[in-house]
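These notes concern the structure reproduced below.
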Amino acid sequence: MPAKAYMYPLPARYYDDYRIRRYGAHGTSHRYAAQQAANLLGRPLRDLGLITCHLGNGGSITAVNHGKSIDTTMGFTPLEGLMMGTRSGSIDPAILTYIMRREGISFDEMDAVLNRESGVLGVSGLSADMRDVLAAADAGNEQARLAIDMYVYRVQKAIGGFYAAMTRTDAVVMTAGIGENSVEMRRRVADKLAWLGVELDPELNAVRSDDPRVISTPNSKITCLVVPTNEELMIALDVEALLG
Ligand code: AMP
């Protein structure tokens, strides 16, 4: 990532003293998804602009411009960015000090709230598992509906932001638990990207498979792909490359 993407607007000494910067996470998964997407599209990765969406219990989105990650939603820790199963994702940092003062809780307690009690679980009050929350929303549960709307909205904004940050966007790639398996969540996200010319093929979106696949129509201005992630394979390939 370039410095403008990985630096935080904090006093420079925090970077100098502690290397406080955005590192991102899920890099192995994003790299695998990007490579598989290039294979599927039959074009070299360096010629493509990809937005890879790792939507699992943790979630992050990466802008892969001509084969290089230029920005990603996770930050100094995996807490930044999207709303996740139990993590809040990005919130106003002043909320921390406000709640800590109001409730007199410790740093560790606040950390646990943000990492383990927030996100889909915290908003729905039900579960961190999107399957449970989708079922509850279907049954009319308002908190579950709100959690899903918030989740999709944050994914939509991240994709829109990276679209603006890249020089081209050829494909949006979905991976991890929700991205690979949830026909419904893919549909909801794609619906919100119609302004970008994204058009899902409902039949292709409904296909269940362990293979990388296209789920958009031939007319879609941006191709939508599902790539089942394989971090273990990516790591093994990296080890092989390192060993020569
Ligand atoms: P991961 O962290 O990649 O293993 O993803 C796990 C998460 O994926 C679960 O907690 C669920 O929220 C989500 N998930 C898996 N299968 C489905 C599905 N069919 N529909 C919706 N969410 C799913």
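Bear in mind that the values in this text are calculations on the coordinates, not laboratory data. As the structure is a prediction and not an experimental result, all values here were calculated from the model. Note: ideal-geometry Cβ built from the backbone for every residue, glycine included; neighbour counts use all protein chains shown.
Over all distinct Cα pairs, what is the inverse of the mean 1/r for the stretch 45-103, reported as the Kirkwood hydrodynamic radius in Å?
For the stretch 45-103, inverting the mean 1/r across all distinct Cα pairs yields 13.0 Å.
What is the packing order of peptides 210-223, 19-32, taking the mean over residues of other C-beta atoms within 10 Å and listing the highest first?
19-32, 210-223
Given the options Leu82, Leu146, Leu225, state which has the largest fluctuation in a GNM of the chain using a 10 Å cut-off (strictly under) for Cα springs.
Evaluated over the chain, the most mobile residue of the options is Leu146.
Can you work out D for the chain in µm² s⁻¹ from Stokes-Einstein, where Rh is the Kirkwood radius over C-alpha pairs, the temperature is 4 °C and the viscosity is 1.567 mPa s?
For these conditions, the coefficient is 69 µm²/s.
Highest GNM mean-square fluctuation, the chain, Cα pairs closer than 10 Å: which of Asp17, Asp201, Asp71?
Maximum among the listed residues: Asp17.
Connecting C-alpha atoms closer than 10 Å in a GNM of the chain, tell me which of Glu103, Glu199, Glu142 has the biggest fluctuation.
Greatest mean-square fluctuation among the candidates belongs to Glu103.
Could you tell me the distance between the Cα centroids of the stretch 95-128 and the stretch 1-64, to the nearest Å?
Centre-to-centre (Cα) distance: 26 Å.
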